[in-house]
Amino acid sequence: MDAQTPPTQEALLTPEQRQDIESNHTPPPGLRGVSALRHELTLEQIKDIEDNKDVAAMSYLWILSVVVLYARQDSPFIQYHARQGLWLFLISIPVWLIPGVGQYLEFFVLALMIIGFLNAAQGKQHDLPVIGQLAKGTLTLRDLWKTLLQGILRGLSVLKRGLHSEKSNVVQRGEEKQEA
């Protein structure tokens, strides 16, 4: 192969990796446990994942998601994880500003960051709950806000019914005592 000829997709993998992929005995390194996806990935995608797992994992470290998103636009694997990392970063900012409850909510954001970090480091592309949909654009903040408000209103309605029912029971007990 001369210096001007770019390497083929097969030249990017070791002979052992090529043989394993072709024989379907074992998935490529870093893709263990993702055997269903193995058949759908091209050699170029496998190479992208293998070469960029560490950078994709770094995109879950708050502000680094912005840097990675704009610095590594050539890798679909990095872009996938950087978008999720960016959403987690953007959500963590207002969460920090909420007094009291924000500290507890930050644990959920941190847990999602750890899950995303581990997925990227292992070469997996799993959507994080809610964040994955936001990153893909299939869920908007408006939809999320509506759902959140509906849940809060439903909870308040249940609480109100419970308090009203308890108040009725107290009044009935008071009437029974007066009759006795």
**OP:** Mind checking which helices (runs of 4 or more DSSP H) fall wholly inside region 39-102 and carry at least 3 residues that are farther than 19 Å from Ala135 by Cα?
**Re:** 43-58
Original post:
So which residues in region 52-72 are touching a residue at least 24 places away in the same chain (Cβ under 8 Å) and farther than 17 Å from Leu112 by Cβ, if there are any at all?
Top reply: Asn52, Lys53, Asp54
Original post:
How about region 73-109: which of its residues are under 30 Å from Asp48 (Cα atoms), in contact with a helix residue (DSSP H, G or I) (Cβ under 8 Å, 6 or more places away or on another chain) and without any contact (Cβ under 8 Å) to a residue 24 or more places away in the chain?
Top reply: Gln73, Gln79, Val109
**OP:** Pull up region 116-160, narrow it to residues that are closer than 18 Å to Leu90 by Cα and at pLDDT 90 or above, then point me to the one that is surrounded by the most Cβ atoms within 10 Å (Cβ to Cβ).
**Re:** Gly116
**OP:** Mind listing whichever residues of region 90-118 are more than 17 Å from the chain's Cα centre (by Cα) and of a type in the set (S, T, N, Q)?
**Re:** Gln103
**OP:** Examine region 67-85 for a residue that is more than 11 Å from the chain's Cα centre (by Cα), over 20 Å from Lys136 (Cβ atoms) and not aliphatic (A, V, I, L, M), and state whether such a residue exists.
**Re:** no
**OP:** Check Glu106 against each of (1) modelled with pLDDT under 85; (2) part of a helix (DSSP H, G or I) and name the one condition it does not meet.
**Re:** (1)
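The values are calculated or read from the model by the stated rules, or taken from the named source; none is laboratory data. Keep in mind that this is a model prediction, so the values were computed, not measured. Glycine gets a Cβ as well: all are built from the backbone with ideal geometry, and neighbour counts include every protein chain shown.
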